[in-house]
Structures are given as C-alpha cells and as structure tokens.
Amino acid sequence: LAQVCFAAFLAGAARSRFRAHSARFRSAFRFPKGPRPNDRRGGMASVASAAEVTVTLEGSASPNSFRAQRSTTIRSGLLAALAAHNAKEVVDSGVIAFKPDADGFDCYGWLWTTVFAWRGRSLRHIVLPWATVVLQAAIISAACDPRIMQEHVLRFPPSNTMEEGYQILAVPVAFLLVFRLNRAAVRFYDARAAFGKLVEIVRVLSAQVVEFCAHDHKARDDCCRWAVVFPVASRNFLRGKAPDESEELAGILTDGEMTVLQSAVNQPLLCLDRMRRAVMEGVRSNKQDSDAVISQQFRCMEDSITILTGTVGTCERINGTPLPFAYVAHLRQFLLLYLLGMPWALQTSYGWGSVLVVAIVAFAMLGIEAAAVTCERPFGGNANHLPMDTFCQVVAKNVEQILSQAVAAERSVGVAIAEERGDAFLDAAMRSV
C-alpha cells in the first residue's frame, strides 16, 4: 500500500510539472482566437454564415450593354435565428464521456481518467451501506482483540467451514449483480439508440420538407422550426420538468408559440402535430407536381413523423419502466446480509485484516449496484447520462445546414437562368427566392 501511494504521489508530481510546462508553451505560442479551417468546433462557421448569402453576378442584358458586377444579399429569418442559436456554445457540463484515442491506445487513461477519477462515480449512493458494513467489521475485530477486550474477548472456533460456505454464497450474489448491471447497460444503449434515431429522422424530415415544399417557403420554414424544437421538447418531457425555453429557442418560435409550448402537457406531441400541419399545408399548396407524386411525397414525410413518434415512445418506455421492485429489493437485501456476515467468516483467519477485505469487497459490489442505478434512466443531468443538450444543438446545426444548402441551390438556379435571360429576369428571380 505504501508503494502504491508513493507511486501515485510521483505520478501526480510529474503530471503537475507537465501541466506547468504545457501552460508555458501555450502562452509562448498563443494561437489567434476563432475557428481554424479543420477545427471540429468551427466546422459550422460556414453554415452559420450562410444566413447571409451573397451572390455576385457578372452578366449583360444585351450585346450593347456594359458588363457590370452586381451583388444581391438574401436574408432568411429562420436562417438568421438558427445562426444566432448555433453561435452559442452548448456544453453538457455535467456529462463525462470516456473516449480512448482513435488507435485504441489508453495507457495514460488508466490512472487519471478512470482509476483516480472521483467525478462521475456513483459514490454517494453507497456511502451509507458501505460505512455500515465497514463499521460492523471494525467492531467485530475489536471485540475479538484480546488487547482491547482483555478477558471479555469474543472467540471463534478455529474452523474453515464458514469461510468455505461464504465462497459458495458469492456465486448467487455475483449472478444477481451481473444481471442487474447488464439490464442497466441494455437500457442505456437502447436510450442512446432511440435518441440517435431521433436525430437521424429529423435530418431526413428536414431534407424532405426542403425538397418537397420548395414551392411553399412558409410551410417549409414552419416544419423546420418545429423540427428544431422537437428534441428540446423531448428532453424536457423525459426529464419531467419544463424549463424556460425563451432564451434557448429565441427567434425560432414566436412569443405565442412559446407560451403554447410551455403550457402543453406533452410537448413532443405538440411539436409533432405542428410539423404534420406544416406538411399538410405544403402538400395542399403544391400545384406543380401530379397527384401521384404529391401522394408519394406526403407518404414519405408522414412516415418520418411517425418514426419520430416511435422514438419518443421508446425513450418514454425506458424512462418510466425501471426494473421490478421485487428484484431490486431482493438483491439489496441479500447483498447487505452477505456483506454483514463476511467479518464473522473472515475473523479467525484475518483478524484486523478482515476490515480491509470487507471494505474492498463491499466497495466493489455496492459500486456495481450503484452504477446500475445511475445508468438505467439516462435522461437527466447526471455525469453518466446522455448529452441531450449536445444532441439538441446538433439537430439545430443540421437543420441550418440543410436550409442553407437549399437557399444556395435556389440562388444558383436563379443565377443560371438569369445568365440566359438577362439582368431584368435576375431581379424578379431574386425577389421570388
């Protein structure tokens, strides 16, 4: 134990020295602020700037006219709101994500990232039972010590029968704990898959609406707005609270829509209803395509909305259906009795060393049960829960990119037509876009 503590001290000293030298290096070679070309966090800078699309055209209206350079700036209200929304850095400060290097090398992560990390551990769930078990082991060891109790010492018969029996009892305890942790892990990854499906289908629906409702910009923008709001509403619904979204959704929803959203009992259902209404408006105003094409377009968008309903239902099922109470109660009762009886079985062979053995075993077993409790409903703000705020930001950035690409494509088509028909047609095309 002394060697381990000394090695930990040396490692901590080396780590502090490395941090000091790295800080000096960064201060000596300070880079300018702002996103770099290949920076992940700055990757959406080009998308955010697409709220103001500038097209420069050099053309001629007639063979006798002079060549002139014209610049037209198109501003979209929804794009501007999304750009302002995505400019805010949203970080799930409470969530800890352990990700080794890309090549799988995780030598340094063993010590500082995981072994000696206290933040993110479920220690507060096991403090009371762990302290109770260790205290009882210390009391039994003191009662069996003749130097403390003298003639009132508690003596055990020298037999290994109880110790061997406890080795047999470890098998059912381990089985119960493994099943408990396995169920919690399955629920965690099911929740992650459901919310990942939500993000995927929102992208698909936004792309479909942008293409199928290009003739009706109001219906397109309405559906995209509520598609951005949908993951925020799902997060609030799963967490069981409705925080003030006035700042988070500023510019995306109007004050009246914000009031309706906050007063809704089930916010995701309201968002789905508004998206379905916007899709119907876009379908009814389509006078360009045939009835068969319009029917197929509506079917695709309706299928996407239906899948979104299923993803929220999956998350709601995971959040509202924990493991049966009978199983959890039986596991905790059996585990606590096993740990409380361990000092009696180990006292004859280990003496005061049984306290250390009981403390380590109790920490391991109680920690597994606490980790299962933490991960079985991963929709809150715990360090081991899903980064739902980041997911909401990802959806907003994806919708902004899809809208920006659509606006740029419409303008490129207008420029191509204007090069053939002249500057007079360009002005009418830009106003229509």
* To do: Hey, can you tell me all the residues within the stretch 268-294 that are farther than 28 Å from Leu253 by Cβ and either of a type in the set (Gly, Ala, Ser) or touching an Asp or Glu at 6+ places or on another chain (Cβ under 6 Å) (or both)?
  => Ser290, Ala292
* Filtered residue count, the stretch 283-311, keeping only those that are farther than 19 Å from Phe230 by Cα and not in a loop (DSSP other than H, G, I, E, B) -> 11
* Only one of these conditions is not met by Ile368: (1) touching a residue at least 24 places away in the same chain (Cβ under 8 Å); (2) among the β-branched types (Val, Ile, Thr); (3) out of contact with any Leu (no Cβ under 7 Å at 6 or more places or on another chain). Which number is it? -> (3)
* To do: Report whether or not Ala191 is closer than 30 Å to Leu335 by Cα, in contact with a Phe, Trp or Tyr (Cβ under 9 Å, 6 or more places away or on another chain), open to solvent by less than 40 Å² (accessible area, probe 1.4 Å) and modelled with pLDDT of 90 or more.
  => yes
* Asked: So is Val279 of a type in the set (Val, Ile, Thr), buried (at least 20 other Cβ atoms within 10 Å of the Cβ) and either part of a loop (DSSP other than H, G, I, E, B) or touching a residue at least 24 places away in the same chain (Cβ under 8 Å) (or both) or not?
  -> yes
* **In the stretch 155-170, residue farthest from Ala372 (Cα to Cα) [restricted to those that are open to solvent by less than 100 Å² (accessible area, probe 1.4 Å) and modelled with pLDDT of 70 or more]** => Gly165
* Test Val361 against the stated conditions and say whether it is out of contact with any His (no Cβ under 9 Å at 6 or more places or on another chain), part of a helix (DSSP H, G or I) and open to solvent by 30 Å² or more (accessible area, probe 1.4 Å). => yes
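The values are calculated or read from the model by the stated rules, or taken from the named source; none is laboratory data. A quick note: this is a predicted structure, and the numbers were derived from the prediction, not measured. All Cβ positions, glycine included, derive from the backbone under ideal geometry; neighbour counts span all protein chains shown. Areas reflect the complete protein model, heavy atoms only, side chains present, ligands, DNA and RNA absent. Shrake-Rupley method; radii C 1.70, N 1.55, O 1.52, S 1.80 Å.
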